[in-house]
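Engineer: Below you'll find the structure I mean.
The values are calculated or read from the model by the stated rules, or taken from the named source; none is laboratory data. It should be emphasised that the depicted structure is a prediction, and the values quoted were computed from it without experimental measurement. For neighbour counting, all protein chains shown are included, and Cβ atoms are generated from backbone atoms with ideal geometry for every residue, glycine included. Ligands, DNA and RNA are stripped out before the accessible areas are found, and what is left, the full protein with its side chains, is counted by its heavy atoms. Shrake-Rupley method; radii C 1.70, N 1.55, O 1.52, S 1.80 Å.
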Amino acid sequence: MIYFDNSATTKPYPEVLDTYRTAAEQFFANPSSIHKLGGRSEELLKKSREQAAQLLRVKPQEVIFTSGGTEGNNFAIKGTAFAFRHRGKHLMTTRVEHPASLRAFEQLEALGFDVTYLEVDRNGRISLDDVKKALREDTILVSVIHVNNELGTIQPVKEIGQLLKDRPKTLFHVDHVQGFTKVPLDFHEANIDLCTISGHKIHGPKGTGILYKREGIMLSPLLAGGGQEFGFRSGTENLPAIAAFVKAMRLSLERAQNGGIARLRNMTDRLRQALASHPLLSFNTPSGASAPHILNLTVKGIRSEVLVHALDRQGIYVSTKSACSSKTQEPSAVLLATGLSEEDASHAIRISLSFENTMDEVESFLDIFMQTIDKLETVME
Ligand SMILES: Cc1ncc(COP(=O)(O)O)c(C=O)c1O
């Protein structure tokens with residue numbers, strides 16, 4: 001099996017599963033219970049939060065554990081809109097956000113908020129100038145995806161953060177789900193107020209994540225109840241999953257620092273180099289300002305689904321577009337936003353790598369991929 005669909009989800013590290021099992025067995029008590037067992041769980045939760053904070057270089061009280069990227073984005077976007085609606089009704093985002101952001105903005109529009117969707121260029125990038133021009137007196141939030149999940153394009157997050165520095169009434173949220181561990185981002189340097197990460201994209205358990213919330217920002221909670229997570233996210237904490245997620249954070253960051261990012265880049269460079277001259281292929285992922293683990297390409301004349309299934313039959317796993325919308329037949333909205341034709345967008349696939357992939361897998365993939373498109377091309381003729 002060659003698994004190149006890591007932007008959809010990753011396989012948990014064995015150590016992550018070990019941590020999950022140990023925590024589930026030995027720390028099953030509710031961290032809010034006042035007895036000794038509850039105290040032990042509370043202590044593990046505290047330690048997990050401290051370690052996560054240290055890894056993100058933020059304060060423990062700025063770490064809110066969530067159920068993943070969808071919740072993080074919804075909480076950041078709606079939590080800001082609801083909390084600051086008296087200050088302003090204008091929100092800004094981009095055309096190429098993940099549905100976990102886009103659908104939240106659409107819900108807010110239905111409630112009377114005014115949303116600006118920034119357009120992107122051929123590479124899927126917004127322009128700083130457009131951000132500047134769209135800012136208004138009543139803009140309460142700018143929300144931008146760091147690394148695009150379909151294209152791998154990196155947005156100028158640091159520059160946007162600098163631009164917003166002297167606007168304390170405009171919060172800055174970054175969807176860092178695809179970038180985390182692969183494209184370093186210093187939250188302070190980029191002046192980020194809110195930042196979403198997700199556990200299952202970095203070999204952690206599904207249903208885990210963090211919303212970084214700069215100290216002092218009062219968001220309106222989406223989940224009201226027992227007051228867990230500093231009152232911002234009620235619900236009994238999923239402690240085994242949290243502990244396992246923090247383990248995945250540490251292991252993935254270690255891999256990134258020990259040459260992992262360079263290895264990812266070498267692998268996508270090799271794919272590019274081997275595929276560049278093929279007459280049917282064109283790359284949708286830009287060669288500059290893109291993440292090291294994502295390569296999106298169009299195979300002329302072969303529909304994405306046909307190619308994905310043909311590769312699947314040979315034990316190779318890639319995807320058509322983002323996992324959550326890949327079952328619909330419509331071409332990717334992200335690719336269309338870059339100006340790609342409907343036809344080219346319907347013939348695109350995404351290859352996404354992880355620290356677990358190897359150059360040997362890339363070479364085997366290339367052999368099978370070339371043979372497969374040659375075969376399919378003959379059938380299509
Ligand atoms: C950029 C981005 N944001 C948010 C999400 C949603 O994350 P989750 O699956 O953890 O809810 C994803 C998942 O694909 C993503 O790629």
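Engineer: Check whether at least one residue in the range 5-20 is under 30 Å from Thr320 (Cβ atoms), at pLDDT 95 or above, in a loop (DSSP other than H, G, I, E, B) and away from the ligand (no atom under 16 Å from the Cβ), and report yes or no.
Structural biologist: yes
Engineer: Now, a different point. For the structure I just gave you, tell me whether Gly301 is surrounded by fewer than 23 Cβ atoms within 10 Å (Cβ to Cβ) and either more than 27 Å from Ala100 (Cα to Cα) or of a type in the set (D, E, K, R) (or both).
Structural biologist: Against the criterion (surrounded by fewer than 23 Cβ atoms within 10 Å (Cβ to Cβ) and either more than 27 Å from Ala100 (Cα to Cα) or of a type in the set (D, E, K, R) (or both)), Gly301 qualifies.
Engineer: Scanning the range 132-177 for residues that are in a helix (DSSP H, G or I) and crowded, with 21+ Cβ neighbours inside 10 Å, which turns out farthest from the ligand (Cβ to nearest atom)?
Structural biologist: The selected residue is Gly161.
Engineer: Quick test for you: out of Ala52, Ala23, Ala76, pick the one residue that is in contact with a His (Cβ under 7 Å, 6 or more places away or on another chain), in contact (Cβ under 8 Å) with a residue 24 or more places away in the chain and in a helix (DSSP H, G or I).
Structural biologist: Answer to the selection: Ala76.
Engineer: So, one more: Conditions: (1) open to solvent by less than 30 Å² (accessible area, probe 1.4 Å); (2) farther than 28 Å from Ile202 by Cα. Glu343 meets all but one. Number of the miss?
Structural biologist: (1)
Engineer: Continuing with this model, one more query. Read through the list (1) within 16 Å of the ligand (Cβ to nearest atom); (2) open to solvent by less than 10 Å² (accessible area, probe 1.4 Å), then give the number of the only condition that Leu264 fails.
Structural biologist: That leaves (1) as the condition not met.
Engineer: Take Val96 and decide whether it is open to solvent by less than 50 Å² (accessible area, probe 1.4 Å) and more than 26 Å from Ala243 (Cβ to Cβ).
Structural biologist: yes
Engineer: Separate question: What is the number of the single condition among (1) open to solvent by less than 70 Å² (accessible area, probe 1.4 Å); (2) within 28 Å of Lys11 (Cβ to Cβ) that Thr338 does not meet?
Structural biologist: (2)
Engineer: OK, next. Out of the residues in the range 236-252 meeting the condition of being touching a Ser or Thr at 6+ places or on another chain (Cβ under 7 Å) and of a type in the set (A, V, I, L, M), tell me which one is nearest to Val16 (Cα to Cα).
Structural biologist: Ranking the candidates gives Ala244 first.
Engineer: What's the total number of residues in the range 346-359 that are among the hydrophobic types (A, V, I, L, M, F, W, C), buried (at least 23 other Cβ atoms within 10 Å of the Cβ) and not in a strand (DSSP E or B)?
Structural biologist: Qualifying residue count, the range 346-359: 2.
Engineer: Moving to a separate point now. Condition first: outside any loop (DSSP other than H, G, I, E, B) and modelled with pLDDT under 95. Can you find one or more residues in the range 324-332 that meet it?
Structural biologist: yes
Engineer: Take the conditions in contact with a helix residue (DSSP H, G or I) (Cβ under 7 Å, 6 or more places away or on another chain), within 16 Å of the ligand (Cβ to nearest atom), farther than 14 Å from Phe172 by Cβ and open to solvent by 10 Å² or more (accessible area, probe 1.4 Å) and apply them to Glu106. Does it pass? Walk me through it before giving the result.
Structural biologist: Details: in contact with a helix residue (DSSP H, G or I) (Cβ under 7 Å, 6 or more places away or on another chain): no; within 16 Å of the ligand (Cβ to nearest atom): yes; farther than 14 Å from Phe172 by Cβ: yes; open to solvent by 10 Å² or more (accessible area, probe 1.4 Å): yes.
The answer is no for Glu106.
Engineer: Search the range 201-224 for residues being within 16 Å of the ligand (Cβ to nearest atom) and more than 14 Å from Phe245 (Cα to Cα), and hand back the single one that is surrounded by the most Cβ atoms within 10 Å (Cβ to Cβ).
Structural biologist: It comes out as Tyr212.
Engineer: Which of the residues spanning the range 256-292 are within 24 Å of Ile202 (Cα to Cα), of a type in the set (Ser, Thr, Tyr) and in contact with a strand residue (DSSP E or B) (Cβ under 9 Å, 6 or more places away or on another chain)?
Structural biologist: Answer for the range 256-292, where residues must be within 24 Å of Ile202 (Cα to Cα), of a type in the set (Ser, Thr, Tyr) and in contact with a strand residue (DSSP E or B) (Cβ under 9 Å, 6 or more places away or on another chain): Thr268, Thr285, Ser290.
Engineer: So which residues in the range 188-200 are surrounded by fewer than 20 Cβ atoms within 10 Å (Cβ to Cβ) and out of contact with any helix residue (DSSP H, G or I) (no Cβ under 7 Å at 6 or more places or on another chain)?
Structural biologist: Across the range 188-200, the qualifying residue is only His188.
Engineer: Here are some conditions: (1) in a helix (DSSP H, G or I); (2) open to solvent by 40 Å² or more (accessible area, probe 1.4 Å); (3) within 18 Å of Gly179 (Cα to Cα). Ser287 meets all but one. Which one does it not meet?
Structural biologist: (1)
Engineer: Can you go through Gly112, Gly124, Gly39 and tell me which one is in contact with a helix residue (DSSP H, G or I) (Cβ under 9 Å, 6 or more places away or on another chain) and either within 16 Å of the ligand (Cβ to nearest atom) or open to solvent by 10 Å² or more (accessible area, probe 1.4 Å) (or both)?
Structural biologist: Answer to the selection: Gly124.
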